[in-house]
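The values are calculated or read from the model by the stated rules, or taken from the named source; none is laboratory data. Keep in mind the model is a prediction, meaning the values are calculated, not measured. As a convention, Cβ positions derive from the backbone with ideal geometry for all residues, glycine included, and neighbour counts pool all protein chains shown. Ligands, DNA and RNA are stripped out before the accessible areas are found, and what is left, the full protein with its side chains, is counted by its heavy atoms. Shrake-Rupley method; radii C 1.70, N 1.55, O 1.52, S 1.80 Å.
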Amino acid sequence: MRTAYSVADVRAAERELMARLPEGALMQRAAAGLAAVCVRLLSGARGVYGSRVVLLVGSGDNGGDALYAGARLARRGAAVGAVLLSPERAHAGGLAALRAAGGTVVADAERAVIRADLVVDGIVGIGGRGGLRPRAAQLAALAAESATVVAVDLPSGVDADTGEVPGEAVRADVTVTFGAYKPGLLIDPARERAGVVHHVGIGLAPAAEPAAEALQHADVARLLPVPSAESDKYRRGVVGVVAGSARYPGAAVLAVAGALRGGAGAVRYVGPAADAVLARFPETLVHAGPPHRAGRVQAWVIGPGLGDEADAMDDVLAAEVPVLVDADGLRFLTPERVRARTAGTLLTPHAGEAAALLGGDRAAVEAGRLRAARELAAAFGATVLLKGSTTLVADAAGPVRVNPTGTGWLATAGSGDVLSGLTGSLLAAGLPARAAASAGAYLHGLAARFAAGPDGAPVTATQVAGRLAAAWRDVGRRTPRPGGAGR
């Protein structure tokens, strides 16, 4: 699992470690890791010797890391120049090391940046707040147009704790982060500015709980339900799907498609699109409704393509089983209705739906995804899967989970319906809401990658559903595990 820690917790871990190390040792570790990544990047282009490297140096420790790394590159034959954005506050030891290695302080910053092969962003550290100042922003924009940009710890101008970008910020090709991931490296819009992230271990061991975490294949494999020899369809779980309408019958088909591939033993469909569902998936158990008369289920999914058909919502919310509410179903919710439930509730909004639930606007949600997910979970007393460029899972139980899979091609009609069915099926199979949401988002994103192919291509929701089995096999194949549904 990839874990990310708040700035305060990283700082505390740094202080604890520095108290046990010789003075400057921690910065030297960071500089060595940063230089090693830069060497690899330059070696893949024109080589280190004779390459042109520019350091954008601010007043903090990130500037010191950049200067010491620049000294290492200069000793290998690179032409290294430092642009000192706050000359009177530049790290004295790092600057002396750079000069001793043959590096220089740049007089014509713009010309140096335009001619550079590699630009190192050491402007602002993890404690920075607000966007870049105009001079730094101008140089960062030039660097993005003309060179490979490497950020020190995280791109300057982004918020390390939230992933927000409150103003102008560096757009890096590579970020070299030290000791621990920061939430801003995992969560958009900051994540998109970090490029490829390299983690360099420097001996940090934060004692606090992570602020965010991203599951990997092995973590998801441990969550997925596997039937035992004694399983039957009811023991594996039955998921009920209330979706579709006369106007949107396809939403029902897509939600059922996801549910059938989510590990539950059976899918019950309730709604007006029964003919369309059965034509595509004859294994579905259909019922005219109301939901409480459809038969036993272990979880309900309600909302995709529901339109204005709100009659079933009271029925489903009254059920003493987990309920996933998506799409049109979210319009009929209030915090009071959700908090009154005795079983778990999982809400799966996109940014526009989240904004409506919070009484705000979509742009604010997209700019502050972490804040929005936490606020929704707290307000409704529910688990929230906030869909988007970074899909987040939040509840009151622990760190926010960040989904690392997916592709921009998932922004296509019906893909959320597939995700709802898949995740609801995992709920019915026995996974808690947090685990079901995390595993569902991971598999869904992985299936979309498979559908898009290695070079990337447009995909449809039907294609994503069709690749869920491949995603499931890919996760399971890498991590053998015993059976069991509720882990």
Exercise for the section: Starting from the alpha-carbon convex hull of the stretch 99-165, give the projected area averaged over all orientations, in nm². Expected result: 5.2 nm²
Handout entry: the stretch 281-429 - percent relative contact order, Cα under 8 Å, separation 6 or more
Key = 20 percent
Practice task
Treating the Cα atoms of the stretch 232-274 as identical point scatterers in vacuum, please give the log10 of the normalised Debye intensity I(q)/I(0) at q = 0.20, 0.21 Å⁻¹, two decimals.
Solution key: -0.56, -0.60
Exercise for the section: Assuming 0.890 mPa s and 25 °C, estimate D for the stretch 129-170 with Stokes-Einstein, Rh taken as the Kirkwood radius over Cα pairs, in µm²/s. Expected result: 233 µm²/s
Exercise for the section: Give the dimensionless ratio obtained when the Cα radius of gyration of the chain is divided by 2.2 N^0.38 Å. Expected result: 1.10
Practice task
Pull up all non-local amide H partners of Val286: gap of 5 or more, or a different chain, and H-to-H distance under 5 Å with H placed in the peptide plane.
Solution key: Tyr269
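If you take the beta carbon distance between Ala207 and Leu278 as r and set R0 to 41 Å, what does 1/(1 + (r/R0)^6) give as a FRET efficiency, to the nearest 0.05?
It comes out at approximately 0.15.
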Practice task
Kindly express, to the nearest 10 degrees and within the range 0 to 90, the angle between helix 468-478's C-alpha long axis and the longest C-alpha principal axis of the chain.
Solution key: 60 degrees
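Per the Kirkwood treatment, what hydrodynamic radius in Å, one decimal, follows for the stretch 380-483 from the mean inverse distance over all distinct Cα pairs?
Computed over the stretch 380-483, the radius equals 14.0 Å.
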Handout entry: Highest to lowest packing among 345-355, 440-450, 10-20, 112-122, scored as the average C-beta count within 10 Å
Key = 440-450, 112-122, 345-355, 10-20
Handout entry: Simple spin-label estimate for Arg11 and Arg339 in nanometres, 7 Å along Cα-Cβ
Key = 3.3 nm
Completion exercise
Answer in debye to the nearest 20: the dipole magnitude of the chain about its Cα centre, from +1 Lys/Arg and -1 Asp/Glu charges placed on Cβ, is 1280 debye
Problem - the chain: calculated mean residue ellipticity at 222 nm from DSSP helix runs of at least 4, using -39500 (n - 2.57) - result: -12000 deg cm²/dmol
Fill in the blank from the handout: Taking only the alpha carbons of the stretch 218-324, the radius of gyration and the largest Cα-Cα distance, Dmax, both in angstrom, are 13.8, 43
Handout entry: Neighbourhood net charge (15 Å Cβ-Cβ; Lys/Arg +1, Asp/Glu -1) for Gln298
Key = +3
Handout entry: Per residue, in Å², the accessible surface of the chain once ligands and nucleic acids are set aside, probe 1.4 Å
Key = 40 Å²
Exercise for the section: Give the angle, between 0 and 90 degrees and rounded to the nearest 10, that separates the Cα long axis of helix 415-428 from the longest principal axis of the Cα atoms of the chain. Expected result: 70 degrees
Exercise for the section: Determine the dipole magnitude for the stretch 42-148: charges of +1 sit on the beta-carbon of Lys and Arg, -1 on that of Asp and Glu, nothing else is charged, the reference point is the Cα centre, and the result goes in debye to the nearest 20. Expected result: 180 debye
Handout entry: Rounded Å value of the spacing that divides the Cα centres of the stretch 95-117 and the stretch 195-274
Key = 51 Å
Practice task
Keeping the other protein chains in place, figure out the carbon and sulfur percent of the accessible area of the chain, with a 1.4 Å probe.
Solution key: 51 percent
Exercise for the section: Compute the long axis of helix 25-43 from its Cα atoms, compare it with the longest principal axis of the Cα atoms of the chain, and write down the angle in degrees, 0 to 90, nearest 10. Expected result: 80 degrees
Completion exercise
Normalised per residue, the volume inside the convex hull of the alpha-carbon atoms of the stretch 75-207 in Å³ amounts to 123 Å³
Handout entry: Cα-Cα P(r), the stretch 157-230, percent of pairs per 5 Å interval
Key = 3, 14, 18, 20, 16, 11, 5, 4, 4, 2, 1, 0
Exercise for the section: Mind checking which of Phe332, Gly58, Ala310 is farthest towards the positive end of the chain's charge dipole, using Cβ charges of +1 (Lys, Arg) and -1 (Asp, Glu) about the Cα centre? Expected result: Gly58
Exercise for the section: Write down, largest first, the equivalent ellipsoid semi-axes of the stretch 18-78 in whole Å, where each equals the square root of 5 times an eigenvalue of the alpha-carbon gyration tensor. Expected result: 23, 12, 9
